[in-house]
1. Along its three principal axes, how long is the stretch A:110-198 when you only count alpha carbons? Whole Å, largest extent first please.
2. Could you tell me what fraction of 2.2 N^0.38 Å the Cα radius of gyration of the stretch A:346-458 comes to, as a two-decimal ratio?
3. What is the sum of charges, Lys and Arg at +1 and Asp and Glu at -1, for the other residues whose Cβ falls under 12 Å from the Cβ of A:Leu421?
4. So what are the protein assembly as shown's ellipsoid semi-axes, whole angstrom, largest first, if each one is the square root of 5 times an eigenvalue of the alpha-carbon gyration tensor?
5. Around B:His314, with a cut-off of 10 angstrom between Cβ atoms, what is the net charge of the other residues, counting Lys and Arg +1 and Asp and Glu -1?
6. Could you work out the relative contact order of the stretch B:340-461? I mean the mean sequence separation of Cα pairs under 8 Å and 6+ apart, divided by the number of residues, in percent.
7. DSSP beta bridges in chain B, what fraction antiparallel, as a percent rounded to 5?
8. Report relative contact order for the stretch A:133-253 in percent, whole number only (criteria: Cα-Cα under 8 Å, sequence separation at least 6).
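Each value in this text was obtained by applying a stated rule to the coordinates, not by laboratory testing. Keep in mind that this is a model prediction, so the values were computed, not measured. With ideal geometry, Cβ positions are generated from the backbone for all residues, glycine too; neighbour counts draw on all protein chains shown.
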2 protein chains.
Amino acid sequence: MAAERLVVIGGDAAGMSAASQARRLKGPDELEIIAFERSAFTSYSACGIPYWVSGDVEGPDDLIARTPEEHRERDIDLRMRTEVTEIDVAGRRVRALDRESGDAYWTGFDKLVIATGARPVRPELPGIDAPGVHGVQTLGDGQALLDSLDAVGSGSGKTRRAVVVGAGYIGVEMAEAMLKRGFEVTVLNRGEQPMATLDPDMGKLVHDAMDGLGITTVNGASVTKILTGPDGRVSEVATEERTYPADVVVLGIGVEPEAELAREAGLTVGPHGGILTDLAMRAVGHENVWAGGDCVEVLDLVAGRSRHIALGTHANKHGQVIGSNVGGGYGTFPGVVGTAVSKVCDLEIARTGLREKDARAVGLRYVTATIESTQRAGYYPGAKPMTVKMIAELRTGRLLGVQIVGREGSAKRVDVAAVALTAGMTVEQMTALDLGYAPPFSPVWDPVLVAARKTVAAVRGAGS
Amino acid sequence: MAAERLVVIGGDAAGMSAASQARRLKGPDELEIIAFERSAFTSYSACGIPYWVSGDVEGPDDLIARTPEEHRERDIDLRMRTEVTEIDVAGRRVRALDRESGDAYWTGFDKLVIATGARPVRPELPGIDAPGVHGVQTLGDGQALLDSLDAVGSGSGKTRRAVVVGAGYIGVEMAEAMLKRGFEVTVLNRGEQPMATLDPDMGKLVHDAMDGLGITTVNGASVTKILTGPDGRVSEVATEERTYPADVVVLGIGVEPEAELAREAGLTVGPHGGILTDLAMRAVGHENVWAGGDCVEVLDLVAGRSRHIALGTHANKHGQVIGSNVGGGYGTFPGVVGTAVSKVCDLEIARTGLREKDARAVGLRYVTATIESTQRAGYYPGAKPMTVKMIAELRTGRLLGVQIVGREGSAKRVDVAAVALTAGMTVEQMTALDLGYAPPFSPVWDPVLVAARKTVAAVRGAGS
């Protein structure tokens, strides 16, 4: 019998990264690892589902980074389709329910990792459970949507209509996927512009570009009801203004932390509903309980406040840090700056740091500058426009955020700003950054540098 | 008459950026600007010449950022084909020679900008001046090479052979250009591996990839002689070992600072032959003389020593800083970290910071780690391999350098490391960087983060 037992709740990115890293540091004699996963899948790329639906990626196997069997080969006692229904922190035990057999039992732990993920926001609308209405968070969701597309058929000449509810990352990616599947696509967006993670002026560029791709985006559209046809399948989506015919409806409204279990166990939950942790990813106030992935809140290093960001790359980092700490090593997750990249066909969208409204929310005064450039030297083949918006603190010129909308080769340039934000650079310091230059890769002034120069001018021009 | 006169020597990137920026800040009443350019071109992209030769870019007009006329419209008295032959610093005057008329004259200045650029290294080899042997530094060089290619002809079935001497940036870019022009290409490289700006282990990857593209690279090849045929044109290139048939020879051996004029005028020149300046780009010890572009040495922020780097992006920054200072504003150029990106067909090459030998040269002890990953999620279409090598200081883990060899979408990721170097980050800090993630743009662990993690392990494993 091992000296200690680690129990992991949730078998996706954060949980299984933690388990794997802990196993790397401690063998089975030292550490027994039991992991509970309520679904039939482990360690999969939810971010890849839109590309599976679009047909770009073979699924679902390609999206699974590590199968249950692979985890078990590493001496992790992984119990699939087994849901943890209660955490007894003081008693150091969790109650598990085997969803196949219906058996329920208590399992003790010395160390606990909570990685329960997030659940999609699912508005309580009439008709939301009708056949043909699909979320896209799990591999099961992806398969159900694909089956639904088959059910709609692809008879020649027949116009097939998809309505995507929500115009955030999942919404726009699913708009691309449905377009590639040959559907006429309408995106119903509650907000002022698509991509509410951008400022509206940059969201407008996304709107226009999506228009150019043949995707109709309706802003300010609040869905009130989903209507069904005589066959019981979805037939229309109603907003306050009108109805939109729909053979299939994709819900891409975002997610919220799945932290009920932790909350009921008395763990501290933050303003956004996520579990709060320290830098070592320990649940605050609990020496032997860690939490990571989509169920936690993270520190926004720019705003100095906690936020909830559901993103696989953070979940993997959390798992790595937790596994190191559980395994007797050390690691910290200092926080995020809020970087995200996405694309709709060849349109690339990126952001990091604060939007204008985020800056206002934390009481920062700021200036902005927006520039247009190209991702390659203007004369080089394939040079295409990209727009960069930069936000800096008034007076100090500290970088606060960057947003990019452009074509191929634009989005990942946001990483430069992500590092600069992490380092607390001013936009003036950024103007001197030694970024790679050659005509196939950049104009002689990299677009990020052009934006920094214009922002410096705005900081100086704004006085104090 | 203006209150002050600015004289600029050299009408390319640094000189004309300085002139333009000074003009933005001061009108003709305040500041007269006279600029001397000995060639027939201003403000052109020398970096674009390989793509003009390859046929990717229409030249030479597309490579000219601003014509003499455009500069003159901004009240800059630009004197083309006029060479400055002497600087009288104490007497505040320069002697100019009009190469058209042969007239020579003195012109006084209040402020002087020296932007004399660099000259290609041209080894003294028998036959180096034969028709068919070409440098590629100026637009004139590019046109001469293109004319030479026409002279070789393109008779069907005839094998046309190009020998490129040198395997640095210009060498590999010209290898691509000649390949695209239908030549059989041999690159003669004096060093151990191509791309001596990389460590040899990474240069080896470039060698193998060039091989795969059909470009023959001969390492350790010292050219001894260039032989000509009965028509007087180049026919063969001889090394110590053998000869290589050649219809055309391209010299891509690098450049050195064109600082003779400054040296003769008593300005301070550094160990690499470039003019030394302070952070404001003032020639050291001279209140009213500035220097920038390919004729100066710059501070390497990682090594803490001066180096010579001829690169348009630096020249533009220098010009911007000088123009601001001349015009009564302020600006500084803090230095470089040594970032460079390049490509050969779809192979991308990037580097920043120190190579192993650079670290040794400045007495730093270090560890390295090399990882292989892909630029997109492994399952996403177009995912292709990229290799990242990272160098960090022993014990402290301070990032010292990064080298990347990969396919489309690899090279510009080096910018993340460039910013991290500028900020003095450790590789451990880098593991937590919030870089953009989505399957079309990156695996869930960005390759730079994977390299950082492995380098952290190397730092820890190496002890002290």
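1. 62, 32, 27 Å, listed from the longest principal axis down.
2. On the way: Rg = 13.4 Å, N = 113, 2.2 N^0.38 = 13.3 Å.
Relative to the rule-of-thumb radius for its length, the stretch A:346-458 sits at 1.01.
3. Numbers: positive: A:Arg351, A:Arg398; negative: A:Asp300, A:Glu393, A:Asp415, B:Asp434.
With Lys, Arg at +1 and Asp, Glu at -1, the neighbours total -2.
4. On the way: eigenvalues 588, 182, 170 Å².
Rounded to whole Å, the semi-axes are 54, 30, 29.
5. Details: positive: B:Lys317; negative: A:Asp434, B:Asp294.
Result for the neighbourhood of B:His314: -1.
6. Numbers: 261 pairs, mean separation 37.1, N = 122.
Relative contact order, the stretch B:340-461: 30 percent.
7. On the way: 57 of 90 bridges.
Among the beta bridges of chain B, antiparallel pairing accounts for roughly 65 percent.
8. Working: 234 pairs, mean separation 38.4, N = 121.
32 percent.
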